[in-house]
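The structure under discussion appears below in the form of structure tokens.
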């Protein structure tokens, strides 16, 4: 979950580009599977090849990230040559169609490098207004394809999923994540310290895209995180919203960057009062 400041997604919805979300979703799923297969081969072999530091010593990128992004960009050039691309590892083109593919070629790089099986590929496509038309999050370790289009249900491997309907904050399982900068981590720790006594528990596993997908399926009751980039959350936020969850943007506050929150509808206001 790294890269140049791009901010959270501007929104999700049907958009006005005239594109067909069903066909766009098929492309997103196909490319996520292909990239996931490439990453899984490396994960089971020399996954630590070409590791470099990005913004801080805890913010890493590997040759696997770059290879995955190259493959996705090359395939998009074949399948959708008129579309634009925004990739975490530097891929960028404006395109001519009014559509833009937002690509996180490996979300959860640190997990990947340490052999922790909580990482994924996230691919979304947005219209010119920034509305997400379709998105896919593929977890190669579990073979789970999480996806949604703006006019359809959220699914896992083609089967519909639904988010939590929990109403009691004290029994809620909440996922979150922390930034790479030590000062931001300190502020985030203070908020987590305030939250922990008020909920069942919190989880911090490391891939924002997978956290969102799992929240869409009710494995968590809510997820929030500051400092995420558009490629981290564009697909996952759409999946959560199509799964019936409530969402909001977190404005920059107290030296912390902007972020996102999704939750069971009855929990959103109470969580915002703590983490917002």
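The values are calculated or read from the model by the stated rules, or taken from the named source; none is laboratory data. As the structure is a prediction and not an experimental result, all values here were calculated from the model. Note that each Cβ is placed from the backbone with ideal geometry, even for glycine, and that neighbours are counted across all protein chains shown.
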Among the candidates 185, 219, which residue alone is at pLDDT below 95 and surrounded by fewer than 18 Cβ atoms within 10 Å (Cβ to Cβ)?
185
Search result, residues across segment 139-160 that are touching a strand residue (DSSP E or B) at 6+ places or on another chain (Cβ under 6 Å) and either assigned to a loop (DSSP other than H, G, I, E, B) or outside the structural domain of residue 102 (by TED's automatic domain parsing) (or both)
150, 153, 154, 157
Here are some conditions: (1) in a strand (DSSP E or B); (2) more than 17 Å from residue 121 (Cα to Cα). Residue 136 meets all but one. Which one does it not meet?
(2)
Residue that is under 28 Å from residue 36 (Cα atoms) and either assigned by TED's automatic domain parsing to the domain that holds residue 88 or over 16 Å from the mean Cα position of the chain (by Cα) (or both), where the choices are 196, 202, 184
202
Among the residues of segment 225-241, count how many are touching a helix residue (DSSP H, G or I) at 6+ places or on another chain (Cβ under 8 Å) and under 18 Å from residue 136 (Cα atoms).
8
Of the conditions (1) farther than 19 Å from residue 107 by Cβ; (2) surrounded by 17 or more Cβ atoms within 10 Å (Cβ to Cβ); (3) touching a residue at least 60 places away in the same chain (Cβ under 8 Å), residue 208 fails just one. Which one is it?
(1)
Would you mention how many residues in segment 61-100 are outside any helix (DSSP H, G or I) and surrounded by fewer than 15 Cβ atoms within 10 Å (Cβ to Cβ)?
6
